[in-house]
Amino acid sequence: MTPTPTPSTGSASAVPVQTLFGIPIAALSTEAALDYIDDAIRARRSVQIGVVNAAKIVNMARDAALNASVLSSDIVFADGMAVVWASRVLSRPLPERVAGIDLMSGILARGMSRGYRVYCLGATEDVLQKTIARIECDYPGVVIAGSHHGYFTREDEPRIARLVAEASADVLFVAMTSPKKEQFLARWSAEMGVPVCHGVGGSFDVVAGKVQRAPELWQRLGLEWLYRVKQEPRRLWRRYLVTNVMFCALVVREWVRLHTLGTAAPTLQR
């Protein structure tokens, strides 16, 4: 089944989606997603971006708070080849993977000529400063409107949200782990008033050079997770083994459900 066509991928009212595991995932290419984001910034329209990969989908099935936070996003992208492959198995195909770090890079690249004001929130202070230095070097024209490390408490959140609001940014990058980043955005995006809020997870670690991103071939083969395990085997092998097996089980269960009940038509998300 293909998503319902729409006249403009940049439109706020009509974004084609495919619903997988109860999650409406935008059926857009990376370039179309960037067009949508550009349109939101120009219109000063609030867009909270969510991304899902296999591990997050598994955790959403087990964590109601995480599930609610992700579903509160205005648009959700498939940040993982496993999700794209699952969409094809389930006859609800997504056009391609839209990785969170690629969206971040694309926003910055387009922001050079548009003078986007960017707020960087998350990571350690050292990684944060290295990330800002790299952005300033690689993307001249982008304005760093403000920054704050990601090691703050729930009690600190009102102050952090106020700092972001006062910075008058066009884009907020939140480099924190799940579910903290989703829950922070769900609680504070309205108060911060930033047109585009994007949870980028560990992307600052990659930009700062602390973590190496998988080569393009590994990405195309859906083995980015294995490359991460290769870098931190003791910490990550068990986590990925468990979540990958559980994700496969979810796909099988969803395939059985769809072929038993029939396939519903895709929905549209603003």
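The values are calculated or read from the model by the stated rules, or taken from the named source; none is laboratory data. Because the structure is a prediction, the values reported are computed rather than measured. So basically every Cβ, Gly included, is an ideal-geometry build from the backbone, and we count neighbours across all protein chains shown.
Structure above, values below:
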read-out	value
Lone unmet requirement of (1) closer than 19 Å to E254 by Cβ; (2) in contact with a strand residue (DSSP E or B) (Cβ under 7 Å, 6 or more places away or on another chain) for D63	(2)
Residues of the stretch 85-109 that turn out to be buried (at least 17 other Cβ atoms within 10 Å of the Cβ), closer than 16 Å to R134 by Cα and not β-branched (V, I, T), as a count	5
The stretch 66-96, residues that are β-branched (V, I, T) and within 15 Å of P24 (Cβ to Cβ)	V70, I75, V76, V83
Within the stretch 25-65, considering residues that are on the phi < 0 side of the Ramachandran plot, out of contact with any helix residue (DSSP H, G or I) (no Cβ under 8 Å at 6 or more places or on another chain) and not in a helix (DSSP H, G or I), the one modelled with the lowest pLDDT	D63
Whichever residue in the stretch 141-151 is more than 25 Å from Q212 (Cβ to Cβ) and more than 20 Å from the chain's Cα centre (by Cα) and, among such residues, is surrounded by the most Cβ atoms within 10 Å (Cβ to Cβ)	A145
Helices (runs of 4 or more DSSP H) (entirely within the stretch 152-270) containing at least 3 residues that are surrounded by fewer than 16 Cβ atoms within 10 Å (Cβ to Cβ), modelled with pLDDT of 75 or more and among the charged types (D, E, K, R)	157-166
Residue check for G111: within 24 Å of A186 (Cβ to Cβ) and either of a type in the set (G, A, S) or more than 18 Å from the chain's Cα centre (by Cα) (or both)	no
Looking only at the stretch 114-138, and only at residues there that are part of a loop (DSSP other than H, G, I, E, B) and under 21 Å from the mean Cα position of the chain (by Cα), the one that is surrounded by the most Cβ atoms within 10 Å (Cβ to Cβ)	A123
